[in-house]
Each structure stands twice: as C-alpha cells, then as structure tokens.
1. Starting from region 506-603, pick out the chymotrypsin sites (Phe, Trp or Tyr not before Pro) whose DSSP state is loop and whose Cβ has at most 10 other Cβ atoms within 10 Å.
2. Cα centroid distance between region 683-701 and region 422-444, in Å?
3. Can you tell me the FRET efficiency between Lys199 and Asn630 if r is taken as the Cβ-Cβ distance and R0 is 35 Å, rounded to the nearest 0.05?
4. Subtract the Cα-Cα distance of Ser605 and Met353 from 0.36 nm times their separation in residues, and report this length gain in nm to one decimal.
5. Restricting to DSSP loop positions (anything but H, G, I, E, B) with no more than 14 other Cβ atoms inside 10 Å of their own Cβ, which trypsin sites (Lys or Arg not before Pro) remain in region 553-648?
6. 7 Å from Cα along Cα→Cβ at both Glu43 and Ser184: what's the point-to-point distance in nm?
7. For the pair Glu507 and Lys402, how long in nm is the line joining their label points, each one 7 Å along Cα→Cβ?
8. Please compute the net charge surrounding Lys576, taking Lys and Arg as +1 and Asp and Glu as -1 over other residues with Cβ under 10 Å from its Cβ.
Amino acid sequence: MTNGFKNAPAHSHVGRRSFPFLQEKSSRLSAALLGEDCEINHEQLYELLKYAALGKCHNATQPSWCRIYHQSHLAGVVVIVLQETSQLHFYKFYLQFKHLRKVFRHRFTLTTSANFLASLYGEGANLKPQNTAQGILFAFASSLSIIKVGKKKKLTSFTYLFFLGSPGCKGYIYTECDQQRTDSSPLFGLDCEMCLTAKGNEVTRVSLVDAQGQCLLNELVRPESTVVNYRTRFSGITKKMLLPVKTRLPDIQTRLKKMLPHDAVLVGHSLNADLQALEMIHPSVIDTSLLFARNEGRRFKLKFLAKAVLGKEIQCEEKLGHDPAEDARAALELAQFFIEQGPAKVAELNLEMLLTTEKLAEVSQDKAALQPRRCRVQKQLNEPPRLSKPCFLDCLQMTGQKPLLLGRQELDSSGLCQSNVSTSNKQILQRALEDVPLSTFSIIQFSLGPEYVASHLLAGLCEKVRSKLTDMLTIYAGPFEESFCLKSVKKEFGRCGPIQSLTVVTETYQPYVCIQYEVLEAAQLAVESLNGAEVAGSCIKVQRPVTAAMLDCDVLIKELELDVENEGVIYVAGLKKSLTEADLQEEFSQLKDLETLFLPKDLQSGKHRNCCFLKFQKSQSAVDALEVINGWTVKGSKLRSRNALASGHLWRWIWQMNHSNEKQGGNILCEKMEQASDSEQDLRKKVKKLDHHIKKLYRSLQDNTLCVVLFPGVNSMHGSQSGLGLMGIKDDGGRSAC
C-alpha cells in the first residue's frame, strides 16, 4: 500500500471545493488547490510538515487545509527553500522553471511573514541548549562555540569563554585580552549594526560603552563590498551617512584591541553576531540572550528585556533604526542586574509569563519600579502559566530523527545551526545528494544571492511582470463601423469572461475597441473564438498588443496549458451572474468524473464572476466535457469553454497584481526597469541552473517522499511579494503523484 495526500474535505459553497469521494482509500494527491483555499500561512505549512514527519506522535494531527493518507508509508520529507524569491520570481521566469512546473501539480500562495526556519524551529532556531557537567553548552549560528562556567553569584560565574570551533574563524583578529578574569574585571558593552552587502552581513557601525555606561566608541564603518540593502529601519544607516566615511574594518579592529584592557569582559545581546561581523575573537564574554534564557532554549529580544527588567524603552519606533550605543548600554545593565541580583531574583520576574500574557504595559519606566512589579508578578505565580509548544526540531529529535539542514545555515552534529555564507548552490546540491538519503526530514536552502535582492531590481521585475500580464489580459478588436453598437460588442466579448475595462480606440481610421479581461482564459478565448467573426455588423480581427515582451506569448500560453496544475481542468464562461453554485452543480452533474467546481469571486466585492473552473478526476473526461459544453445553453446563456490556464492560485495572484498597480512617475519607472534589465539576463541563467539543481535532487529522492518547494516571499521598501509553495509525493515515475 502506498501513501496518499489529498485536499481536506470542504462543504460545497461558492469559492471552495467539494470532494464527494475523499473517504476512498485511494493513494497519492488529489485535486489541485483552487480559489480562496490556495492562500496558506506559515502555521498551516507547519501543520503539514509536522504531521508528515511525526504522524500522530507529539500531538501531531492532520493539517486543517489538506490531508495525508497512509502517513506511515512516507519515506521522508524534503523541503527545498529558494531564498530571496517570491511568487513574482516563479512567474517572471516561468519558462525557465521547466522542471518545477511540470512536476508539482499542487501549489499555493504562501503569505509573507517571518523567516521560514523560525516558523519551524521557533525564535531560537539557531540556539539549542544541552545540559553538561560544567553548566550549559551552547552553539551559535557562527563558527564560535561558548561555554558557561560556574554557578555562583559573582562576575566569573556568568562569564563565557570563547574558543575556536571551526575553520570559519580563519583570518579573525584575536583581541589579545588573555589575562585571567576576576570578579573585578571591567565590563564593556558592545553592539554593532550591519548592512547587507554582496559579501553578506558587514558591520557599518560599532559602539562600545564602559561599566558606567559612558560611550567610548561610536564609529561608522565603510564596508568593503557594495551595499545591496542598508536595512535602515533596523540599522539606522543610510547611503548618505556612509558617503564621507573612510574608516574600514581593520581600523576598528586595531582601535578595539588598544581600548580593551587585558582582562576585559565583553557584554552584548547575541554577541556572536557582533563578533562575527567584526571578525574578532575575544576570550571572555557575557551574552544577555543566554543569561535570560527562555523555554526551549529560545531567546528574549533585547527590547523586551530592557523594558521588563530595567523599565527602559529602547529601539523606539519613532527613531530611525537602532542606536548601537543604547543597545550596548542596555545589554551591559542587564548583565549587571543579573550579577547583582542573581538567577533567583530574575526567576521571580517570570519573564516568560510577562511575554506570553502581553502585560508589558504594567512594566515601570525605571529600576525603582522593579520591586512593586515583582509583587504584582508574585501574585500571578498562582495562575497556571501558558506553556509554549515544543519547537519542531525538538519533536523530531525526541523521536530519534536527525533533521538535515543544508544551505547557508546548516545543522551541526549536535543538531545546532551554523552559518556558512560562502557555500554555493552547487556545493549544497552535492551535499544534499549525499546526505538527504540518510535523513527522514531535510531542509535544503538554495539562494539567488544577495546581489539579486536589491529593492530597485525587485521593483523592476515586478513592473515588468505586471506590464506583461496586462498585455496578456488585453485584446484589440476591430475595425468597426463608425456608428457601431458598443453595447453589442461588450455583450459578445463578455461571453468570453469577466471584463475589467473596455475603451474605444479613436486614433485609427476606423474605430477599434480595447478590452482588458480579468482572467487569462477569457482573453485567449476571445482571440480563438472571435477573430474573424462578425460582431456588431463588422467582420473583425482580434489580437493582443504587439510588444517585445509579448513575442513569446504563444509559447507561454501553450506551456500554461500543459502545466500539470491545469491537468484535467477546464474554463467555462458565459454564465449568468444570477446562477448559483447549486444551479451549476445540477447542470454539470451529468459530466463524468467531475471532481471540483470553483466560482471565482471579486476579491473586493465578494461577488462571483460570470465564469467557473471545472476539475475532473481524469484528463480524458475533461477533454470530453469540452466537446459537450461548447455551445451548451444553461438557462438561456450560451457557454464557451477551453482548457484552463490559471485555474489555481494564479488567477488570484493575477487579480492582486492588476489591482495593486501603484501610480508611479514614468521617468522613475523607466529608470527602475533599465536598472533591472542588466541583471535580468544573469538572473535568468541562474534561475535555469537552480531549476536543474532541483530536478537532479528530486530525481534522487526515494519514492513516496513528500517534497515541498518554497518561494518564501520578499519584503522590500517597494512593498512585499507573497510567496509560493509547490508540493507533491514522488511516485516511481519521478513525478508528483496524484
């Protein structure tokens, strides 16, 4: 018996699916996701992966939006994450993603949210504690490891020792602060702000404060590589600020070495990231993200700790970015509080409860309010705390499964994340081919590279895709007589599908009409059925706009028809808007093997359009239905139909793209598109290679492996682009089963 994967049952109503046969014990995947149900968030994706990997263990239940049959027969779960990509990239380079569109018939829109790995592993995806005889051993997302030593209430009890953990530290500068630490050793708060460059994260500002909170260093640093994202919202760094800066990283390294005493202890929050950006090694540090550890080894944010423990507001929204001196000072004071008060006093604060019950409004603004707040919190101790659910990584490890994470972040032998920004897609593929067969749950991360995520490039790509979609949805018809009846023309072309706009073109010798449809099928149906026909007393020609971008339109239409997502799906137009889904169910009930009926709705008004999609269990049944439906009259309305082009999530995305067209100046738009065009050729080649890598990896998977490919979505200053998910269970033919 093989495993199966089907869409969850849904009651029959407009915009949703009806599956009368879902109780059958058939295998593999069933109908494609249609309509409203194709938008999935990260929590729903978490449900699917958790159940696929764990079954009914650890309270894993069937996901609410789809169903897996015979989960125990799954050979494994493989998640392929294409970092820095969105649904926009898939359709911009649709022809280049030849393997993806021919293999995965189940697709869904993935809402843009936090980091995907964080949604699986929790906030502390890069941190996992393990009890040891000396205290607690941690591994970070950097190539450094740290050990907490001692348990007594004094400085040395909470000092961490750094040591080299991997070859990734080669070339790092040692601070030479090698004198033995004592309880009187001086503390220094350190914080850095980073920008994203072609090299990765590079430091652009460094702050150092002494034990009294005095700022000793607050310096801007010019990165070595070209900046692709200033991350101004968080870093506070702008292009204008860095223009006059001549200080480089080696200059900062030299200054820090001179400023720090030989017994200095550095204090920071997630200090590993700062030291990694500085490319420096310091033997003794205190990391406040570890001192104030959360359940499951996760971390509190510095902003929360400053308010909850110190009563201080930092990283205020009205400020442009974070102030590294302020953050360094906050981390320093948190460490001082912990050392002075001890772990027991910190436990009294019940920080986990404060966070989960969202009672930050009760926290005072200064240290003087700490005591009364402790009294309030003490009263809450009798209330049952809200337990956080175990992170996905924990659940896997508890069942004896060793998860595999390959990419720019990888899991080491102890199940902890490590970063390696120099890893290429080819190297990741080679590792995956070797290691995926040894793991039952794998996450493989491929990347386009930071040079392709600059906001102006994304804006250019977005505008090109929107422009091409508009042209594909638009047809020109004519010529007509001078006194032609526009109402008759609109009625005739409206039988092909919902019209978004209709205008008369008067610049020509004889009038033409320009019609923009809401769905691709309507425009194609108009070209196929009305070109050369007599409309409003004239024999007309129907064609799409002729532009450079439209030269491959026929190829694209053909490939959309052959897309596995549209297999067995037909488009029907000419419906009266007064018809209900019940009416259509009755009319189409005689069609053999009809599985799903979907009525698209206007996403603003909620009204359904004058068209629908029909999905059949067998492709031949869809072919037979086309012959029957064309010319069929339903309650006085003559129907037209053709093979579907955008039956699933694509119609929704097209609608959103057409209704999100922001008013932009022509010069600005042209400039963005010109900037994007130079990199587009390189990006097209890279996408083609990426598709080939996925094809090679997919072919190597065992049969009955659930494979999910994710375009996580992109956030930029020009707005967010939703993600895309493709999924299927590989059968013995090397294709996702149905």
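The values are calculated or read from the model by the stated rules, or taken from the named source; none is laboratory data. None of the values given here were measured: they were computed from a predicted structure. Cβ atoms come from the backbone with ideal geometry, glycine included; neighbour counts cover every protein chain shown. These accessible areas exclude ligands, DNA and RNA; they are computed on the full protein's heavy atoms, side chains included. Shrake-Rupley method; radii C 1.70, N 1.55, O 1.52, S 1.80 Å.
1. On the way: sites: Tyr509, Tyr512, Tyr517, Tyr571, Phe588, Phe598; in loops: Tyr509.
When the chymotrypsin sites (Phe, Trp or Tyr not before Pro) of region 506-603 are filtered for loop state and at most 10 Cβ neighbours within 10 Å, Tyr509 remain.
2. Taking the Cα centre of each part, region 683-701 and region 422-444 sit 13 Å apart.
3. Details: r = 59 Å, r/R0 = 1.67.
According to the calculation, E is roughly 0.05.
4. Roughly 86.5 nm would be gained on extension.
5. On the way: sites: Lys558, Lys576, Lys577, Lys592, Lys601, Lys607, Arg609, Lys615, Lys618, Lys635, Lys638, Arg640, Arg642; in loops: Lys576, Lys577, Lys592, Lys607, Arg609, Lys618, Lys635.
Answer by residue number: Lys576, Lys577, Lys592, Lys607, Lys618, Lys635.
6. 5.5
7. Going from the Glu507 label point to the Lys402 one covers 6.7 nm.
8. Details: positive: Lys577, Lys635; negative: Asp583.
Neighbour charge sum, excluding Lys576 itself: +1.
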